[in-house]
Amino acid sequence: MAALIPRPRTTPAPGAVHVPEWLSEERQRELVEACRGWARGPVPMRRTELPGGGVMSVQSVSLGWHWSPYRYTRRAGDVNGAPVAPLPEWLVELGRRAVADAYQDEAAGRAYRPDVALVNFYGAGATMGMHQDKDERSDAPVVSLSVGDACLFRLGNTEGRGRPWQDLRLESGDLLVFGGPSRFAFHGVPKVYPGTAEPTVGPATGRLNLTLRETGLPG
């Protein structure tokens, strides 16, 4: 019955807006199919190795620019040396509409020009530690789209990884935009809830997360 009760949009922090069920079921299915193609290459989806020798539990692939800790490049030198897949214009337009809808500001949507997408897949047991998205030279908002299993998303402060923070449950189809005072807030995903996805729209298991950003880097 909980799924039949509409969830209201919220502003968990200044500049952060959560819009439940923003993606239609059809759009979610389209994103899943697109992600399957991007995962095959030219740069395949992989678990990123961190400078200290650790390996991220999520699997990732990038579009537009290749992200490796902690920089953007046009080629995936840490994977196979291949050029990164382009960021499709339809995904750019989806990001612009997300910003316009979240902030209820058409001008903000038109001004948004994402040039990179990071696609993360959370399989069994995968989490994401508290971190800042600060490898970009732009303070334009981050657009986050969720498909598949629900997760616990932790939105913290800009000073450090500790409290205060707020915990949000992101479901399949949800949109989260964080910009303004929250653009460089620490955030993470401490838990994914297995088996919570609608099987007709999401991956068979796990969670897909797509984030769109402006790098501010010259083209």
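Scanning the stretch 12-43 for residues that are within 15 Å of Leu170 (Cβ to Cβ) and either within 16 Å of the chain's Cα centre (by Cα) or free of Cβ contacts under 8 Å to residues at least 24 places away in the same chain (or both) turns up Ala16, Val17, His18, Val19, Pro20, Glu21, Trp22, Leu23, Gln28, Leu31. Applying a threshold of 7 Å to beta carbon distances and a minimum spacing of six or more residues, or different chains, the list of pairs starting in the stretch 81-109 at a residue that is free of Cβ contacts under 8 Å to residues at least 24 places away in the same chain and ending at one that is open to solvent by 70 Å² or more (accessible area, probe 1.4 Å) reads Gly81/Arg75; Arg96/Arg110; Ala100/Glu106; Gly109/Arg97. Could you list all residues from the stretch 145-198 that are part of a loop (DSSP other than H, G, I, E, B), open to solvent by 20 Å² or more (accessible area, probe 1.4 Å), in contact (Cβ under 8 Å) with a residue 40 or more places away in the chain and among the charged types (D, E, K, R)? Matches in the stretch 145-198: Glu171, Glu198.
Report yes if Arg46 is surrounded by fewer than 14 Cβ atoms within 10 Å (Cβ to Cβ), under 19 Å from the mean Cα position of the chain (by Cα) and under 27 Å from Gly202 (Cβ atoms), otherwise no.
no
When we screen Ala117, Ala108, Ala98 for residues that are over 13 Å from Arg213 (Cβ atoms), at pLDDT 95 or above and either in contact with a helix residue (DSSP H, G or I) (Cβ under 9 Å, 6 or more places away or on another chain) or not in a helix (DSSP H, G or I) (or both), the only hit is Ala108.
With respect to the conditions (1) in contact (Cβ under 8 Å) with a residue 12 or more places away in the chain; (2) open to solvent by 50 Å² or more (accessible area, probe 1.4 Å); (3) of a type outside the set (Ser, Thr, Tyr), Gly77 falls short on a single one, namely (1).
The values are calculated or read from the model by the stated rules, or taken from the named source; none is laboratory data. Since the model is a prediction, treat every value here as computed from it, not as a measurement. Note that each Cβ is placed from the backbone with ideal geometry, even for glycine, and that neighbours are counted across all protein chains shown. The area values use the complete protein model at the heavy-atom level, side chains included, leaving out ligands, DNA and RNA. Shrake-Rupley method; radii C 1.70, N 1.55, O 1.52, S 1.80 Å.
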